[in-house]
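Here the structure comes first, spelled out in structure tokens, and everything after it is commentary.
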Amino acid sequence: MTMTADQLWRLARSVFEAQPFTKFLGAELIDAGPGRATIGLPVRPELKQQHGFAHGGVVSFLADNALTFAGGLALQSDALTVEYKINYAKPATGHYLVAKAEAAVSTRRQAVCRCEIYSRLDQGAADPEERLVAVAQGTIAAVSKGARAEPR
């Protein structure tokens, strides 16, 4: 059964709200639909590295999360990242980061997705300038219903 756009949005919201690390960082689910997701993150001082740029780990988090959401929505399932690769193109300056991901191809159990991460340079502008800072690609796998991490 194919999910409607509204059902996919509700699935994305519920999974997003269940992520403690995502909440801790202050990420925001901006858009989600069939095989696509956009996630934003305000860049606070504690998320920067010594040169004043957003830390590469923060950029990587956005890529990983957006890829997984796009893949999960393409698969219409809760999902996990199997692997991903990221290329940093430019320093992530600015006040806000945006990761835009989409599924390139999917099967019943996995999706290959790509993501572009942008830095918004003027937070207050009605149409802020976005600069591409990284590109990522990953493989996302559907998770069996009820799958949870086991305590060690």
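Restricting attention to segment 97-119, the residues that are of a type in the set (Ser, Thr, Tyr), out of contact with any Cys (no Cβ under 9 Å at 6 or more places or on another chain) and buried (at least 19 other Cβ atoms within 10 Å of the Cβ) total 2. Taken as a whole, the structure leaves Thr68 outside the set of residues that are more than 17 Å from Glu17 (Cα to Cα), in contact (Cβ under 8 Å) with a residue 24 or more places away in the chain and in contact with a Ser or Thr (Cβ under 7 Å, 6 or more places away or on another chain).
Being crowded, with 18+ Cβ neighbours inside 10 Å, of a type outside the set (Gly, Ala, Ser) and under 30 Å from Met3 (Cα atoms) holds for only one residue in Leu67, Leu47, and it is Leu67. Look at (1) of a type in the set (A, V, I, L, M); (2) in contact with a helix residue (DSSP H, G or I) (Cβ under 9 Å, 6 or more places away or on another chain); (3) farther than 30 Å from Met1 by Cβ and you find that Leu132 fails only one, number (2). Residues that are hydrophobic (A, V, I, L, M, F, W, C) and surrounded by fewer than 20 Cβ atoms within 10 Å (Cβ to Cβ) within segment 80-96 comprise Leu80, Val82, Ile86, Ala89, listed in sequence order.
Bear in mind that the values in this text are calculations on the coordinates, not laboratory data. What you see is a predicted model, and the numbers here were worked out from it, not measured in a lab. FYI the Cβ positions are ideal-geometry reconstructions off the backbone, even for glycines, and counts take in every protein chain you see.
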